[in-house]
Protein chains: 2
Amino acid sequence: MCELLGMSANVPTDICFSFTGLIQRGGNTGPHRDGWGIAFYEGKGFRTFKDPDPSYKSKIAELVQHYPIKSRSVISHVRQANRGGISLENTHPFTREIWGRYWTYAHNGQLSGYENLSSGHFKPVGETDSENVFCWLLHEIEQNYAEKQENMTEVFRFIARCCDRLRSLGVFNMLFSDGDYVMAYCTSNLHWITRRAPFGHASLIDEDVTVDFQKETTPNDVVTVIATHPLTHNETWSKMQPGEYCVFHLGEMLTCNSN
Amino acid sequence: MCELLGMSANVPTDICFSFTGLIQRGGNTGPHRDGWGIAFYEGKGFRTFKDPDPSYKSKIAELVQHYPIKSRSVISHVRQANRGGISLENTHPFTREIWGRYWTYAHNGQLSGYENLSSGHFKPVGETDSENVFCWLLHEIEQNYAEKQENMTEVFRFIARCCDRLRSLGVFNMLFSDGDYVMAYCTSNLHWITRRAPFGHASLIDEDVTVDFQKETTPNDVVTVIATHPLTHNETWSKMQPGEYCVFHLGEMLTCNSN
């Protein structure tokens, strides 16, 4: 399948440490060698790096790993192709605009029977089930909310209801962000951890790398990392339940509900 | 203002040489230090590198300069901000989807009186005149053509008519691509050159770099490069006329018309 990585933080934070763990799973410690991508929000803008080649030996992944891009909201993905060939247009994350905001999405899983979901003017470019249902989700959001809502919690509750429909079509773990909020929806595997003071050491599972977050942070930093499987072996990650969704904002959990 | 760089080629070709010249103009040999970006199409997919920092000292630009990404259609831009602050969301090129294809656009110039152009569901994310009129152009295309046309020359003629309207609002030099075609519209400064066998040497104006294209190509390669100002001093570039538009496909000029 694939693996997901997301981050929500209250100060612009780099994701070099977690990304170093993830990209090993893209062909080295894991089988997800069919492309990778990462989107960083900075203000209302974003930048995405992606590659249809395996992440563990990608020159571009190496740059991202060593060049600290600081962001409050990040979504990343390493791919093991099932539906749709290995190509740039099938590489996650995907980004589209609604309400004058960029929405970014990545999916882990496989769906059947999604072909008849209407996506309005949002047309998929590639052939993946993932991009198809992303277009459908955006269409549903745009049909139900003509503009950004004051109460975004309600919008994410609506998105979770849409995800419940997709859950009936197969495995649907996903990350979704408008740059301010990062939403996680789980049907099988998603874990998260919130780091805050007092910060400690963390050691990656997939690489021999340890970081002392105390040295990298200030006492008020709050950073949540979401991943398909825990990335560190000396911290306690929370496992999400099937049908559960969580919304994070500035590193803090806003809501977390089973459906 | 800004500078534009585009490429259309019949085989996947890297743009390292031309990009090396362009990025010097982003703060070193030119004043365009307010960000830069480049989009490469590969099949129906694309990848964009962008940075709100000056290109001539950008780590990411350095990667793009030295890591040959091969593409048939490329659009790049170095920015000198006029409308809209220095930020990632105001950094060109911009990409949006219509008809299940990604369209990429970059603009050089400044417009007035564009605020009332209706862009339908395409909402600008940043504050630039450039992105505003990109959204309007996409809306016009989508309103007039429900899907990809067999005769794309007609679509580009329609786009050129829309650009004529924008020309009345100020300076509007732009590059526009759906991945297959690269269109250039000129109101003041745009130059192009088509390189084909027999290939020769070329020397950059902005850097002490010379390339022997004979060594980098095969005899059937056809590569057109479009730039605000010529990038080499020992080749003959064609200067576009005000109101002229050209459409390139697989390196060859399809059409070039003054309005």
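Summary table below
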{"quantity": "Hey, residue A:127 modelled with pLDDT of 95 or more, within 14 Å of chain B (Cβ to nearest Cβ), out of contact with any strand residue (DSSP E or B) (no Cβ under 7 Å at 6 or more places or on another chain) and surrounded by fewer than 18 Cβ atoms within 10 Å (Cβ to Cβ) or not", "calculated": "yes"}
{"quantity": "The range B:104-120, subset within 14 Å of chain A (Cβ to nearest Cβ) and within 21 Å of residue B:224 (Cα to Cα), residue surrounded by the most Cβ atoms within 10 Å (Cβ to Cβ)", "calculated": "B:104"}
{"quantity": "Qualifying residue in the range B:225-243 (condition: of a type outside the set (Lys, Arg), buried (at least 17 other Cβ atoms within 10 Å of the Cβ) and over 20 Å from the mean Cα position of the chain (by Cα))", "calculated": "no"}
{"quantity": "Only listed residue being free of Cβ contacts under 8 Å to residues at least 40 places away in the same chain and closer than 22 Å to residue A:173 by Cα, chosen from A:19, A:94, A:122", "calculated": "A:122"}
{"quantity": "Test set (1) buried (at least 23 other Cβ atoms within 10 Å of the Cβ); (2) hydroxyl-bearing (Ser, Thr, Tyr); (3) within 14 Å of chain A (Cβ to nearest Cβ) - residue B:145 fails condition number", "calculated": "(1)"}
{"quantity": "The range A:132-181: number of residues that are in a helix (DSSP H, G or I) and closer than 25 Å to residue A:225 by Cα", "calculated": "19"}
{"quantity": "The one condition in (1) more than 14 Å from every other protein chain (Cβ to nearest Cβ); (2) out of contact with any Leu (no Cβ under 9 Å at 6 or more places or on another chain) that residue A:182 fails to fulfil", "calculated": "(2)"}
{"quantity": "Residue count for the range B:51-103, restricted to those that are in contact with a helix residue (DSSP H, G or I) (Cβ under 7 Å, 6 or more places away or on another chain), under 28 Å from residue A:131 (Cβ atoms) and buried (at least 24 other Cβ atoms within 10 Å of the Cβ)", "calculated": "4"}
{"quantity": "Residue in the range A:29-50 that is farthest from the other protein chains (Cβ to nearest Cβ), counting only those that are crowded, with 24+ Cβ neighbours inside 10 Å and farther than 25 Å from residue B:90 by Cα", "calculated": "A:32"}
{"quantity": "Qualifying residue in the range A:6-13 (condition: free of Cβ contacts under 8 Å to residues at least 40 places away in the same chain and either within 24 Å of residue A:203 (Cβ to Cβ) or not aliphatic (A, V, I, L, M) (or both))", "calculated": "no"}
{"quantity": "All positions within the range B:236-259 that are touching a residue at least 24 places away in the same chain (Cβ under 8 Å), of a type in the set (A, V, I, L, M, F, W, C) and either out of contact with any helix residue (DSSP H, G or I) (no Cβ under 9 Å at 6 or more places or on another chain) or closer than 18 Å to residue B:165 by Cα (or both)", "calculated": "B:237, B:240, B:246, B:248, B:250, B:253"}
{"quantity": "Members of the range B:200-224 that are surrounded by fewer than 16 Cβ atoms within 10 Å (Cβ to Cβ), part of a loop (DSSP other than H, G, I, E, B) and in contact with a strand residue (DSSP E or B) (Cβ under 9 Å, 6 or more places away or on another chain)", "calculated": "B:200, B:205, B:209, B:218, B:220"}
{"quantity": "The one condition in (1) more than 18 Å from residue A:109 (Cβ to Cβ); (2) touching a helix residue (DSSP H, G or I) at 6+ places or on another chain (Cβ under 8 Å) that residue A:194 fails to fulfil", "calculated": "(2)"}
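The values are calculated or read from the model by the stated rules, or taken from the named source; none is laboratory data. Since this is a predicted model, take the numbers as computed values, not measurements. Positions of Cβ are generated from backbone atoms using ideal geometry, with glycine treated the same way; all protein chains shown enter the neighbour counts.
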